[in-house]
1. For the range 58-68, which residues satisfy the criterion of being without any contact (Cβ under 8 Å) to a residue 60 or more places away in the chain and over 14 Å from the mean Cα position of the chain (by Cα)?
2. Within 15 Å of the chain's Cα centre (by Cα) and either within 16 Å of PHE127 (Cα to Cα) or more than 11 Å from the ligand (Cβ to nearest atom) (or both) - does that describe any residue in the range 101-110?
3. When SER226 is evaluated against the numbered criteria (1) out of contact with any Leu (no Cβ under 6 Å at 6 or more places or on another chain); (2) closer than 30 Å to ALA86 by Cβ; (3) not assigned by TED's automatic domain parsing to the domain that holds LEU56, which criterion, by number, is the only one it fails?
4. Within the range 178-217, take every residue that is basic (Lys, Arg) and part of a strand (DSSP E or B) and give me the one that is surrounded by the most Cβ atoms within 10 Å (Cβ to Cβ).
5. Cβ contacts < 8 Å: first residue closer than 15 Å to VAL254 by Cα, restricted to the range 203-228; second residue assigned to a loop (DSSP other than H, G, I, E, B) and of a type in the set (Lys, Arg), any location; separation 6+ or different chain. Result?
6. Scan the range 133-162 for residues that are more than 13 Å from the ligand (Cβ to nearest atom), more than 21 Å from ASP58 (Cα to Cα) and in contact with a helix residue (DSSP H, G or I) (Cβ under 8 Å, 6 or more places away or on another chain) and jot them down.
7. Suppose we keep only residues that are touching a Leu at 6+ places or on another chain (Cβ under 8 Å) and free of Cβ contacts under 8 Å to residues at least 40 places away in the same chain within the range 73-92. Which one would you say is nearest to the ligand (Cβ to nearest atom)?
8. Which residues, taken from the range 163-187, are of a type outside the set (Gly, Ala, Ser) and either touching a helix residue (DSSP H, G or I) at 6+ places or on another chain (Cβ under 8 Å) or outside the structural domain of ALA86 (by TED's automatic domain parsing) (or both)?
Amino acid sequence: MMTLRKFQTAAALLTVSLMGSAWAATTAPEPSTEEFVPTVGQSGKDVIWVPTPQSLVDKMLDMAGLTAEDKLVDLGSGDGRTVITAAKRGAMARGIEYNPDMVALSRSAARREGVSDRAVFEQADIFESDFSEATVVTLFLLPNLNLRLKPILLDMAPGTRVVSNSFTMGDWDPDETGEAEGCSSYCIAYKWVVPAKVEGSWKLPDGELQLTQKYQKVEGNLLRGSEKVAITDGRLEGANIRFKVGDDEYTAKVTGKQMQGKINGQGEWSASQVG
Ligand SMILES: C[S@@+](CC[C@H](N)C(=O)[O-])C[C@H]1O[C@@H](n2cnc3c(N)ncnc32)[C@H](O)[C@@H]1O
């Protein structure tokens, strides 16, 4: 038998899908949750609820460089504080949270803060949700959950920023580490920028670039005739690649199987992926 809660959740999800976007605000009726008071440490599907201190929420959004053009998703959104803070900064923000009471609490808080048009909450399992449209992903989960999410995050658009409270991503080194001031527990955040996929052979007008990649770190060789020169300082920040060939610094923007950019900030160069 369908319970009232199941019916309301289904109605909310249907409204969202009919509106064509998971970021669209839902007008589904809200359950009355004024009396629900969350408890730090309460159980959750894969991890308990512990809120990110507000000073670290602010720091995480600063680290992400969040703008009004961004679409943020908070995976396991708890009481909604990260989503609401992002919406107050003008971004479209979406929380995915398994606990329906926390979802209802978050929706009430968003209404109270006047951002329910930009702060949307869904009752769902993060591992069964599509959040590929997000340009910023925030999370405060656990190391093993971050590892489960890592391949999904790495498949997101290059340049997507991922910011995690306290927990890392295994052998994917963070691009930045930050610490909130005036914070006593869970005060460190890590940021990654999803790198473009560049591993393989790239044809240049006068040679070939052979690249290997470990996340944002790039190694390889430039072949010109019988000459083979190892590249150094190879790195990706989203779709932007840079490396050195001898003293020359190559920078380029990667767009699918093309890269185009400058050598030492001047001469143009380009390459096409051939393998
Ligand atoms: C440590 S709390 C973080 C809450 C919030 N992101 C914050 O930073 O304040 C983790 C949250 O994830 C939720 N959660 C656990 N497993 C989940 C799952 N599989 N899908 C969705 N939410 C989940 C919990 O209910 C809890 O609210």
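The values are calculated or read from the model by the stated rules, or taken from the named source; none is laboratory data. These numbers come from a predicted model, not from an experiment. Reconstructed Cβ throughout: ideal geometry from the backbone, glycine too, with neighbour counts over all protein chains shown.
1. ALA68
2. Pass one, the range 101-110, residues within 15 Å of the chain's Cα centre (by Cα): none.
Scanning the range 101-110 turns up no residue that is within 15 Å of the chain's Cα centre (by Cα) and either within 16 Å of PHE127 (Cα to Cα) or more than 11 Å from the ligand (Cβ to nearest atom) (or both).
3. Here SER226 clears every test but (2).
4. First pass over the range 178-217, keeping only residues basic (Lys, Arg): 191, 197, 203, 214, 217.
From the residues that got through so far, the ones that are part of a strand (DSSP E or B) too are 191, 203, 214, 217.
Working: LYS191: 20, LYS203: 14, LYS214: 12, LYS217: 13.
Among those residues, the one meeting the criterion is LYS191.
5. Within 8 Å, the pairs are GLN213/LYS197.
6. If the condition is that a residue be more than 13 Å from the ligand (Cβ to nearest atom), more than 21 Å from ASP58 (Cα to Cα) and in contact with a helix residue (DSSP H, G or I) (Cβ under 8 Å, 6 or more places away or on another chain), then no residue fits.
7. Narrowing the range 73-92 to residues touching a Leu at 6+ places or on another chain (Cβ under 8 Å): 74-76, 79-80, 82-83, 85-86, 89, 91-92.
From what's left, free of Cβ contacts under 8 Å to residues at least 40 places away in the same chain: 83, 85, 89.
Values: VAL83: 8, THR85: 10, ARG89: 16 Å.
The residue in question is VAL83.
8. Step one: filter the range 163-187 for residues of a type outside the set (Gly, Ala, Ser), giving 163, 165, 167-169, 171-177, 179, 181, 183, 186-187.
Those that are of a type outside the set (Gly, Ala, Ser) and either touching a helix residue (DSSP H, G or I) at 6+ places or on another chain (Cβ under 8 Å) or outside the structural domain of ALA86 (by TED's automatic domain parsing) (or both): VAL163, ASN165, PHE167, THR168, MET169, TRP172, GLU176, GLU179, GLU181, CYS183, TYR186, CYS187.
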